[in-house]
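The values are calculated or read from the model by the stated rules, or taken from the named source; none is laboratory data. Just so we're clear, the structure is a prediction, and the values are computed from it rather than from any experiment. Don't worry about glycine lacking a Cβ; one is built from the backbone with ideal geometry, like all the others, and counts go over all protein chains shown. Accessible surface areas use protein heavy atoms only, side chains included; no ligands, DNA or RNA. Shrake-Rupley method; radii C 1.70, N 1.55, O 1.52, S 1.80 Å.
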Amino acid sequence: HYARALEHFEREGHVWYTAMLHNNIGGVLIEQGRIDKALDRFNAARAGFTTEGDTVWLANVLNNLGNIHQESGRHDSAAVIYRRSAEALDGVGEHSHAAGAWLNLGNAHNSLEEYGRALEAYQAALDRTRNNEDDHTRMMAYLGKGRMLERLARAPEARVALDSGLFIAQALGNAQQIARAHEDLAGWFELQGRYDSALVHQRLFGRSEE
């Protein structure tokens, strides 16, 4: 289906539609685990959207490319690409969509153990979710922020962020993130020497995992 459509639009010289099809095919290849082939498709899509000046779809493709680099362990490259995506979306006023790119950038910096930069990125994601209903991104950004604050020895602020992330996870019924938040809070209380509270969260983590 995609292959026939791609051949048609390439023959007709429709750059935007050709780029969109490359992007869609890249998504299918990702699902099939054919990462190198997907990378080629996303790069072709990036070139097409760049030619067409479509910033929003270019940023979307950049985010896909960033995901490939992040999952392949190329965190430096992922961070560069995520930042381009986030800044491109901010540049055209698409702040709600930019939140996800800032969140991904925080994850990349965390992988690089650049905790200060990760904290800045998570905060940028939070700032961009204030006026929308993207509770999932808000939840992940709070939990990421809490972990970075803990690593930076800013314990009181870390507790607030982790509690906020847990609250949203519970509201969403997200069992995986509820479990992670309890695990993080167990570690937080243990570092403070509050072992009874740490044990409570450790037990809640165990129940969430069941």
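One table, with the values for the structure above:
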quantity	calculated
Size of charge dipole - region 162-210 - debye, nearest 20, with Cβ of Lys, Arg +1 and Asp, Glu -1, no other charges	60 debye
Global form of region 1-79, assessed from the alpha-carbon gyration tensor, a/c cut-off 1.5	oblate
Region 99-204, relative contact order in percent, only Cα pairs under 8 angstrom and at least six apart counted	19 percent
Karplus-derived HN-Hα couplings along region 18-23 (A = 6.51, B = -1.76, C = 1.60, θ = phi - 60°), whole Hz, x at Gly and Pro	4, 4, 4, 5, 4, 4
Normalised contact order of region 11-119, rounded percent, pairs of Cα under 8 Å and 6 or more residues apart	19 percent
With 5 Å bins from 0: P(r) over the chain, alpha-carbon pairs, percent	1, 8, 13, 15, 16, 14, 12, 8, 6, 3, 2, 1, 0, 0
With every protein chain in place, the chain: carbon and sulfur % of accessible area (1.4 Å)	47 percent
Cα centre as origin, Lys/Arg/Asp/Glu Cβ charges: the chain dipole, Debye	200 debye
Computed E for L172/D127 - FRET, C-beta separation, R0 25 angstrom, nearest 0.05	0.80
Point-to-point label distance, R154-H1, nm (Cα→Cβ direction, 7 Å offset)	4.7 nm
Rounded tilt (10° steps) of 2-12 against the dominant C-alpha axis of the chain	50 degrees
Accessible solvent surface per residue of the chain, calculated while the other protein chains remain in place, 1.4 angstrom probe, Å²	54 Å²
Helix-only mean residue ellipticity at 222 nm for the chain, each DSSP H run of n ≥ 4 adding -39500 (n - 2.57), per residue, nearest 500	-28000 deg cm²/dmol
Added length on full extension, which subtracts the Cα-Cα distance from 0.36 nm per residue, Q192 to H8	59.9 nm
Crossing angle, helix 55-71 versus the chain [Cα axis fit, 0-90 degrees, rounded to tens]	60 degrees
Acute angle (nearest 10 degrees) that the helix 135-151 long axis makes with the longest principal axis of the chain, alpha-carbon atoms	60 degrees
